1. Taking into account only those residues within the stretch 45-72 that are of a type in the set (D, E, K, R) and within 11 Å of residue 28 (Cα to Cα), which is modelled with the highest pLDDT?
2. Just one of (1) closer than 18 Å to residue 141 by Cβ; (2) surrounded by 21 or more Cβ atoms within 10 Å (Cβ to Cβ); (3) not hydroxyl-bearing (Ser, Thr, Tyr) trips up residue 52, so point out which.
3. Give me the residue from the stretch 148-173 that is open to solvent by 100 Å² or more (accessible area, probe 1.4 Å) and at pLDDT below 85 and, out of that set, nearest to residue 120 (Cα to Cα).
4. Could you look through the stretch 84-138, keep only residues that are among the small types (Gly, Ala, Ser), assigned to a loop (DSSP other than H, G, I, E, B) and farther than 18 Å from residue 152 by Cβ, and pick out the one that is most open to solvent (accessible area, probe 1.4 Å)?
5. In the stretch 73-83, how many are crowded, with 21+ Cβ neighbours inside 10 Å and modelled with pLDDT under 90?
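The values are calculated or read from the model by the stated rules, or taken from the named source; none is laboratory data. Values in this document were obtained by computation on a predicted structure and should not be read as measured data. Please note: Cβ atoms are built from the backbone with ideal geometry, for glycine as well, and neighbour counts cover all protein chains shown. Quick note on the areas: whole protein, heavy atoms, side chains included, nothing else; ligands and nucleic acids left out. Shrake-Rupley method; radii C 1.70, N 1.55, O 1.52, S 1.80 Å.
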Amino acid sequence: HHPRHALPPSTLHTRSQTPPDPDNLVLASRLGLLQMLDLRDANRPSQSKERALELANDRPTHKLSPACLAYLGLELAQLDFPQGIELLERLLLEHPDSPYESLAFYGFAWNEAERSNPQIALGWLERIADTAVDSPIYIDSLALKGRLLSQLGEFSTAQLNLEKILSLRWASS
């Protein structure tokens, strides 16, 4: 079963025979990342997941850009693959003060929330500064924070967090 937008078989065959030129690996990983995010946005989660795994397996991860480390790491962490957390840790180690660090903090928080460690998760979310308001993960982090605070019975603080989301005019959903 081939998805409608699959590469023609001839392209796939050529691709698997010639490994990408090392200089083009960063570009190739960015392209793969774009495809993964497009599939996710098109509400095709299983194909997005497949693409994320291919990226993680095909590319030497030391060649990934900070953006790739952040988005791919977060995607894999949310799919519960340990490589995701490793990529996010590498992002923070190799690119300190990267504009993508909020995605790493969110990934760590999400991971801890999934493991029923709301306090630790909140600690990671606290590291996402209000200056990260333009980060693609800012709204998600406020929503996660609100959910965790509710779980802990801190309803008034949770409400403040959710009101902050509503106050941001550009927050669509």
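1. My answer is 63.
2. Failed condition: (1).
3. Looking at the filtered set, the residue picked out is 173.
4. For the stretch 84-138, the residue satisfying everything is 129.
5. 2
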